[in-house]
Amino acid sequence: VDWLILAGDVGDHQDDLAFAFATLGRRFARLIWVPGNHELWNERRPKAPAGVARYEELVALARDHGVVTAEDPYLDWPGEGPRTVIAPMTLLYDYSFRPPQVTRDGVVAWAAEAGIFASEARLLSAAPYGGIAEWCGARVAATERRLMEVPADAMTVLINHYPLRAEDVVLPRKPRFAPWCGTNATADWHRRFRARAVVYGHLHVRSSRFVDGVHFQEVSLGYPRHWDPGRGAEAYLRRVL
């Protein structure tokens, strides 16, 4: 009867995602998925779509497996407690998670000073948009309109691959990777849209914290080399509601 959130970066290739959907779909009543940067990377196969077309291809794949995406109607959680709408989102990033003294034009060079060179520069297309920040802006605007239509008596669970707030980007080993981790446009969404919980990944630093009474959960599993099969699946699942 449990629902499972997949907060992105399930795999680098479409076949990885199909395998995960098929395997997990047999074990959970509902799967809810948002894409991470790894899923959106360009695939090295003939005539592989890129950018928005790549995303649309993955959404179609998810729907073929009965998986709920950010392009589908929001679901009402059937469990106990206040009415709660489950809201998967695809918001991307726009380089606004950066110190105030660092300009947008200078942010990549600023990160490079610390040896940070994001793979997105060569692997993630934003076509037909002029760049990832433009695509992010379009996604934020469209998602904001949808969230404003959630009934006022309903709370939400906001799900996105990237953190919604710059304060939640805690990367002790690579702090200058923050510009590739979200957008300041969503900093107050947990309050505006009455969130019970915010679920995200991307950072590879699992965490659980409360802000303004909202439970923020970073649910990354990391790479397979970081897992201990002896602990079992229960050790890696996180209860949201």
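The values are calculated or read from the model by the stated rules, or taken from the named source; none is laboratory data. Computed from a predicted model, the values in this text were never measured in an experiment. No Cβ is skipped: glycine too gets one built from the backbone with ideal geometry, and neighbour counts run over all protein chains shown. In case anyone asks, the SASA skips ligands and DNA or RNA and just uses the protein heavy atoms, side chains included. Shrake-Rupley method; radii C 1.70, N 1.55, O 1.52, S 1.80 Å.
Being in a helix (DSSP H, G or I), in contact with a Ser or Thr (Cβ under 8 Å, 6 or more places away or on another chain) and either on the phi < 0 side of the Ramachandran plot or open to solvent by 30 Å² or more (accessible area, probe 1.4 Å) (or both): is that true of A185 here?
Taking the combined requirement at face value, the residue satisfies it.
Could you list, in sequence order, the residues of segment 146-182 that are assigned to a helix (DSSP H, G or I) and of a type in the set (G, A, S)? Break it down into steps so the answer makes sense when it comes.
Looking only at segment 146-182, we keep the residues that are assigned to a helix (DSSP H, G or I), and these are 146-148, 166-168, 175-180.
Those that are assigned to a helix (DSSP H, G or I) and of a type in the set (G, A, S): A166, A178.
What number goes with the only condition from (1) open to solvent by less than 20 Å² (accessible area, probe 1.4 Å); (2) at pLDDT below 95 that L164 does not pass?
Evaluating L164 over (1) open to solvent by less than 20 Å² (accessible area, probe 1.4 Å); (2) at pLDDT below 95 leaves (2) as the failure.
Could you go through segment 132-145 and let me know if any residue there is in contact (Cβ under 8 Å) with a residue 12 or more places away in the chain and in a loop (DSSP other than H, G, I, E, B).
no
Could you please give the count of residues in segment 195-218 that are within 19 Å of L171 (Cβ to Cβ) and open to solvent by 30 Å² or more (accessible area, probe 1.4 Å)?
Of the residues in that region, 5 qualify.
Are there any pairs with C-beta distances below 6 angstrom linking a residue in segment 65-77 that is aliphatic (A, V, I, L, M) to a residue that is open to solvent by 40 Å² or more (accessible area, probe 1.4 Å), with the two at least 6 apart or on different chains, and if so which?
Qualifying pairs under 6 Å: none.
What single numbered condition from (1) in contact with a His (Cβ under 8 Å, 6 or more places away or on another chain); (2) modelled with pLDDT under 95; (3) of a type in the set (A, V, I, L, M) fails to hold for L171?
(1)
Considering only segment 163-217, state which residues are in contact with a strand residue (DSSP E or B) (Cβ under 8 Å, 6 or more places away or on another chain) and among the polar types (S, T, N, Q).
The answer is S207, S208, Q217.
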